[in-house]
Amino acid sequence: MGLRRVLLLGEGNFSFAASLCGAEGTHVVATCYESEEDASRRGGAARSIRRLRESGAEVVFSVDCTKLKDYFSPEKREFNCIYFNFPHCGRKAGVVKNRELLAHFFRSSAGVLAEEGEVHVALCNGQGGTPADQPRREWHNSWQIVAVAAGAGFILSSVHPFNAETIHGYKCTGYRSQDKSFCVDGALNHIFTRSTPLLCFTPRSCKIQLESQKVSFQVPQALVDKINRGFLEPNSNHPVRTVKEELTAGLSQAFPLQHTDSCLSLLHQGHLNGVCPSNIFWITLSPEETPSPEEMSHGSANAVLFCHADFCQGTEENAPEGCHSPEQFYLRPSLLPHAQARMQEGAFLPGILHVLSGPVFRKCRITPHSMPVFHEVLIVFAVNRGTESSCVQMLVNNIASMVHSLHQTGIKPNINLQEATSSETSELNDFAAFESQLGKIQYFICAETDPPGSREKGSCVGVIRTSHEPVSSELVVVFVSLNLDLLAMLLCGISDWRMLWTPDTRFLRQFPRGELKLFKSFSLYPPSYVHDVSFWLPEGEQFDEVAFHTLARGVSGDMVVSIQLRDSFQQAGTGRRSLCYRLTFQSCDRALSCRGAAEMQLRLREEIQRQLGVTLR
C-alpha cells in the first residue's frame with residue numbers, strides 16, 4: 001500500500017494535527033485559514049507547528065477551504081482523508097452562512113479527494129441536524145449537513161461521538177474567531193464518502209431472437225437499471241442468489257429436486273386473464289437488422305414464450321386499451337404461466353420438486369414494499385389427491401427452518417401458513433394483492449415477528465395455489481411462489497428494497513460468496529424533499545394512478561418514495577376535475593440534493609403532461 005495522505009483544514013492551534021503526526025504510513029498536511037504570524041499567536045500553536053515539521057508533516061497557511069485545488073498541484077490532490085473540525089464562518093455567523101461555507105467546502109473537497117477517500121467533519125451537538133444529534137434541533141435551525149454534502153455528491157456513511165478527551169494533547173480553540181475554547185460535549189464526527197452518480201435517463205434497448213427474426217424493444221424507463229442484472233447467475237454473490245441457493249439446498253435434503261430455468265423467457269404474448277392491464281409493462285417490438293454476436297449470445301434465455309391459450313391469449317373484448325392485437329407482448333409479471341404451460345405438457349413428474357426462478361416485472365403504486373421488479377422462485381410439485389395439505393405443510397416447515405438458520409438480525413421470524421381470504425389479501429402487501437389476480441390462492445406464506453400476531457404490511461413472502469385443472473384424477477399440482485427479494489431483506493435486515501438494486505459496490509462487498517450478513521447501510525439519514533403537483537384531468541377520462549406512479553419511478557430513477565393524494569376538486573359548472581399530489585423524493589444509496597430533486601420534479605411535470613394528457617395548474 002502507498003502512503004496515506006491526510007489533509008487537515010481550519011486548524012486553530014494545530015493540536016489535532018499534532019496528535020496525528022508520526023502515525024506509520026501516514027503523511028499529514030495541516031492547514032489553517034490565518035497567516036503563520038497570526039496562527040502562531042494562539043496558545044500552544046507554535047509548539048504544535050514545530051512538532052509537525054520535525055515529524056515530516058507539511059504545514060500550510062492562508063488556505064481557503066473553498067478553493068483547495070488552488071493550493072495543491074494535480075499530483076498532490078489525491079488525499080485519502082480530509083478533516084475539518086468545527087468549521088465556522090467566524091464571529092456571530094448564523095446557520096445560513098455556515099451552510100454556505102459547508103456547501104463550498106464539500107464542492108472544493110471533491111476535487112482533491114481520492115476516489116474512495118473520506119471527509120470527516122466534526123460539529124457541535126445539534127448543529128448537524130441528523131437524528132444522531134441529541135437533542136435534535138429543528139431542521140430549519142440546523143446546518144443540514146447531509147443535504148448540503150449531497151449537493152457535492154457526498155453521502156453520510158458513518159457518524160460517531162467526537163471524544164476530545166481521547167485525543168492526546170488536543171485543545172479546542174477558536175470560539176468566535178478568538179483564542180478561546182468552546183464546549184464540545186456531545187459533539188459528533190460525520191464521515192462522508194463519495195456517492196455513485198445518479199441514474200442516467202438515456203433510453204435503453206433490449207435485443208432478442210424471435211423465431212427467425214431479430215427484434216428489439218425499448219426498456220420501460222422505470223426498469224432501465226434493472227434489466228439483465230444477473231443476480232441469479234452462477235458467478236453472482238448477490239444475497240438474492242444466496243437465499244435461493246440456501247433454500248433449494250435445504251429442500252433438496254428432504255425432496256428430490258430439479259431446476260428448470262434454462263429456457264424461461266422475459267416476454268409473454270397476448271393478455272393475462274384476470275390481471276389488470278395497468279399492472280403490466282407492455283412492449284412494442286421493432287425489427288433489428290444487425291445485432292452483434294455478443295448481443296445475440298443470450299438469445300435462448302431471452303426467447304419469447306407463447307403461453308398456453310387459456311392463460312395468456314386475449315381477445316378483442318378483454319384485451320387492454322391500446323393492446324387489441326394478439327401480437328402484443330409484455331414483460332413477464334410471473335413465472336406461473338411457464339409452469340402452467342409445462343403442466344399441460346405433462347412435464348412435472350410426481351414426487352419431484354421442480355424449481356423455476358428469475359426476475360418478474362409488475363407496475364405498482366409506490367409504497368415501501370412495492371417492487372416493480374423482483375426475483376421469484378416458483379416451486380411446482382404433483383402430489384396424490386388428498387395429501388396436498390400435508391405436503392404443503394412439510395414444504396413450508398423446511399422453508400421456515402432455512403429462514404431460522406440464516407436470519408442475522410437476532411429476531412427469529414416465524415414463517416407460517418395463513419389461509420387466504422379476500423378480506424385479508426388487501427391487508428397484506430402488493431405482492432400478495434397482485435398474486436391474487438393470477439388465480440385463486442389457498443395459502444399465504446407470512447413472516448411473523450414478535451409479538452405473535454403483530455404482522456406488519458410487507459410480511460407476505462409467498463403464496464400457495466393448486467391447479468384449477470388436475471393433470472389426472474389421482475394427482476394435484478401445487479404451485480408455491482416465493483419473493484426472493486423480500487426474503488433477502490428479511491434475512492439481512494435490509495429496510496429498503498431499492499438497496500438490492502444499488503450499483504454501489506459497497507453493498508455486495510458486505511456479502512462474500514455464500515454468506516448472508518446483517519446489512520450495514522453506507523448512506524445514513526438521507527435527506528428528503530417534498531414537492532406538490534396539481535393538474536386538470538382530461539374530460540371524460542379516468543385517471544390511471546398506477547401509470548402516474550410508474551412514470552414518477554422512471555423519471556426519478558426510483559427516487560420518489562411516497563405519492564399522496566392531497567386534494568381532489570371538481571369545478572362547478574364545467575365538471576372539470578383537478579387532482580393535487582404530494583411527492584417525497586429520497587435516495588437510499590446515492591446523494592440527492594435539493595436541486596437534483598427540483599430538477600426531477602420539473603421533468604415529471606413535463607412528462608405527465610406529455611404522456612398522461614393532463615393540464616398542469
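The table below gives the values:
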{"item": "Candidates Ala572, Ala598, Ala591, filtered to the one that is over 16 Å from Ile366 (Cα atoms), touching a Gly at 6+ places or on another chain (Cβ under 8 Å) and not assigned by the TED database to the domain that holds Lys226", "result": "Ala591"}
{"item": "Inter-residue pairs, beta-carbon under 7 Å, first among the small types (Gly, Ala, Ser) and in the range 116-128, second in a strand (DSSP E or B) and open to solvent by 30 Å² or more (accessible area, probe 1.4 Å), 6+ apart", "result": "Gly117/Asn80"}
{"item": "Helices (runs of 4 or more DSSP H) completely within the range 14-73 that count 2 or more residues being of a type in the set (A, V, I, L, M, F, W, C)", "result": "15-20, 45-54"}
{"item": "Elements of type helices (runs of 4 or more DSSP H) in the range 249-345, at least 1 residues being modelled with pLDDT of 50 or more and buried (at least 18 other Cβ atoms within 10 Å of the Cβ)", "result": "336-344"}
{"item": "Among (1) open to solvent by 50 Å² or more (accessible area, probe 1.4 Å); (2) in the same structural domain as Gln127 (by the TED database) - the single one Gln221 does not satisfy", "result": "(2)"}
{"item": "Selected residue (only one of Lys180, Lys207 is more than 30 Å from Asp589 (Cβ to Cβ) and at pLDDT below 85)", "result": "Lys180"}
{"item": "Wholly enclosed strands (runs of 3 or more DSSP E) of the range 129-241 bearing at least 1 residues over 30 Å from Phe86 (Cα atoms) and in contact (Cβ under 8 Å) with a residue 40 or more places away in the chain", "result": "205-210, 213-218"}
{"item": "Only one of Leu52, Leu7 that is under 22 Å from Arg194 (Cβ atoms) and open to solvent by less than 40 Å² (accessible area, probe 1.4 Å)", "result": "Leu7"}
{"item": "Those residues of the range 349-363 which are in a loop (DSSP other than H, G, I, E, B) and either in contact with a Gly (Cβ under 8 Å, 6 or more places away or on another chain) or open to solvent by 20 Å² or more (accessible area, probe 1.4 Å) (or both), in sequence order", "result": "Leu349, Pro350, Gly351, Ile352, Lys363"}
{"item": "So Pro452, is it open to solvent by 20 Å² or more (accessible area, probe 1.4 Å) and either over 25 Å from Phe348 (Cβ atoms) or modelled with pLDDT of 90 or more (or both)", "result": "yes"}
{"item": "Matching residues in the range 337-364 - criterion: being under 18 Å from Ser481 (Cα atoms) and in contact with a Ser or Thr (Cβ under 7 Å, 6 or more places away or on another chain)", "result": "Met343, His354, Val355, Leu356, Val360"}
{"item": "Within the range 28-49, considering residues that are touching a strand residue (DSSP E or B) at 6+ places or on another chain (Cβ under 6 Å) and under 24 Å from Gly90 (Cβ atoms), the one surrounded by the most Cβ atoms within 10 Å (Cβ to Cβ)", "result": "Ala30"}
{"item": "Checking Gln127 against (1) closer than 29 Å to Phe522 by Cα; (2) at pLDDT 95 or above, the condition it does not meet", "result": "(2)"}
{"item": "Close pairs (7 angstrom Cβ cut-off, 6 or more residues apart or separate chains): closer than 21 Å to Phe192 by Cβ in the range 78-104, hydroxyl-bearing (Ser, Thr, Tyr) anywhere", "result": "Ile82/Ser109; Val95/Ser142; His104/Thr66"}
{"item": "Positions within the range 572-615 being within 20 Å of Val546 (Cβ to Cβ) and of a type in the set (A, V, I, L, M, F, W, C), in sequence order", "result": "Leu579, Cys580, Leu583, Phe585, Met600, Leu604, Ile608, Leu612, Val614"}
{"item": "Residues located in the range 134-151, provided they are in contact with a Leu (Cβ under 9 Å, 6 or more places away or on another chain) and farther than 18 Å from His88 by Cα", "result": "Ala150"}
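Conditions (1) within 16 Å of Phe16 (Cβ to Cβ); (2) out of contact with any strand residue (DSSP E or B) (no Cβ under 9 Å at 6 or more places or on another chain); (3) hydroxyl-bearing (Ser, Thr, Tyr), marked per residue:
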residue: Cys81; (1), (2), (3): yes, no, no
residue: His104; (1), (2), (3): no, yes, no
residue: Leu123; (1), (2), (3): yes, no, no
residue: Ile145; (1), (2), (3): no, no, no
residue: Thr166; (1), (2), (3): yes, yes, yes
residue: Asn189; (1), (2), (3): yes, no, no
residue: Cys200; (1), (2), (3): no, yes, no
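The values are calculated or read from the model by the stated rules, or taken from the named source; none is laboratory data. For clarity, every value in this text was computed on a predicted model and none was experimentally measured. Positions of Cβ are generated from backbone atoms using ideal geometry, with glycine treated the same way; all protein chains shown enter the neighbour counts. Heavy atoms of the whole protein, side chains included, go into the accessibility calculation; ligands, DNA and RNA do not. Shrake-Rupley method; radii C 1.70, N 1.55, O 1.52, S 1.80 Å.
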